[in-house]
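Here is the structure we will look at, set down as structure tokens.
Each reported figure results from applying straightforward, stated rules to the coordinates on display, with no laboratory input. Nothing here was measured: the structure is a model prediction, and the numbers come from that model. For neighbour counting, all protein chains shown are included, and Cβ atoms are generated from backbone atoms with ideal geometry for every residue, glycine included.
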Amino acid sequence: MSKPVLAVEGLSKGFTSGEQRVAVLSDLSLSVGPGESLAVIGRSGSGKSTLLNLLCGLEIPDEGTITVAGESFDGAGSSDADARWAELRRRSIGVVFQDANLMPALSLLENVRLRGHLAGQAVGGERGWLERLGVGAEVDRYPDKVSGGQAQRAALAMVFAMTPALILADEPTGSLDRHTADDVADCLFDMQRTTGCALVLATHDRELAARCDHLLDLSALDPMGRE
Ligand SMILES: Nc1ncnc2c1ncn2[C@@H]1O[C@H](COP(=O)(O)OP(=O)(O)OP(=O)(O)O)[C@@H](O)[C@H]1O
């Protein structure tokens, strides 16, 4: 069996609210291999975004270990851990949000070129990524001159141009109509399987979640016993 791209063991995280510590994730373990996808579902507030933030080092766990692309982290924050997370986010972890978050002053092609460059990729393949994601005719347009679906395809092209080991997607089709959402999801899954990267996708959309290889329902694991 190939080594997992992402492995999580005994992960717990809570936040302090007033005098109280409120548990959000408790003793969570999971692993995602190359080319595999995991959907994270659960009611609002169950911890989907918190989990994604932990998986890219933007939150520090209270307990547990996270291993991404061979780099391991525990709950002890340090400047060395911060630097290793920053390097992973730059080169190996692609993040896709509900909104495309493109740089408005750059064309779609320039957005993809910049992201690939920051990840250390050689210049040249950016146009190909935009073509493969169905926005080859829009490469020279600026983000305010394309539709939401086209912008989200460009956001995916930016992530794939990094050749990431892991993609974290937080409601990646949440701002699109059903038809466009399905088209964008087709692109995401096609490219993810073709490139062999791992995908963790947080969503409220059960149809989208059902397209992933594995499902994690955080409501069912709620440490506070809420449904
Ligand atoms: N920085 C923080 N400080 C305090 N509480 C936080 C913080 N971040 C998240 N929380 C709390 O943790 C819980 C989980 O939040 P999170 O955003 O992860 O949920 P979610 O499942 O992504 O919700 P949604 O589906 O609404 O986006 C919520 O109760 C939230 O208020």
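Brief remarks on what is shown
- The alpha carbon centroids of region 86-110 and region 159-205 are separated by 13 Å.
- Relative to the current alpha-carbon distance between residue 103 and residue 82, full extension at 0.36 nm per residue lengthens the span by 5.1 nm.
- Dividing the summed helix terms, -39500 (n - 2.57) for each DSSP H run of n ≥ 4, by the number of residues in the chain produces a 222 nm estimate of -10000 deg cm²/dmol to the nearest 500.
- Here's the picture: charge each Lys and Arg Cβ at +1 and each Asp and Glu Cβ at -1 in region 18-99, and of 28, 79, 39 the one pushed furthest to the positive end of that dipole is 39.
- Between residue 21 and residue 175, the modelled label-to-label distance comes to 3.7 nm, taking each label 7 Å out from Cα in the direction of the beta carbon.
- Region 1-102 shape via C-alpha gyration tensor axes, a/c threshold 1.5: rounded
- With the charge dipole of region 83-227 set up from +1 on Lys and Arg Cβ and -1 on Asp and Glu Cβ about the Cα centre, the Cα lying farthest toward the positive end among the listed residues 151, 164, 121 is that of 121.
- Subtracting the Cα-Cα distance of residue 9 and residue 215 from their residue separation scaled by 0.36 nm leaves 72.5 nm.
- Rounded to the nearest 20 debye, dipole of the chain from Cβ charges on Lys, Arg, Asp, Glu: 460 debye
- Percent of alpha-carbon pairs separated by more than 28 Å within region 6-220: 28 percent
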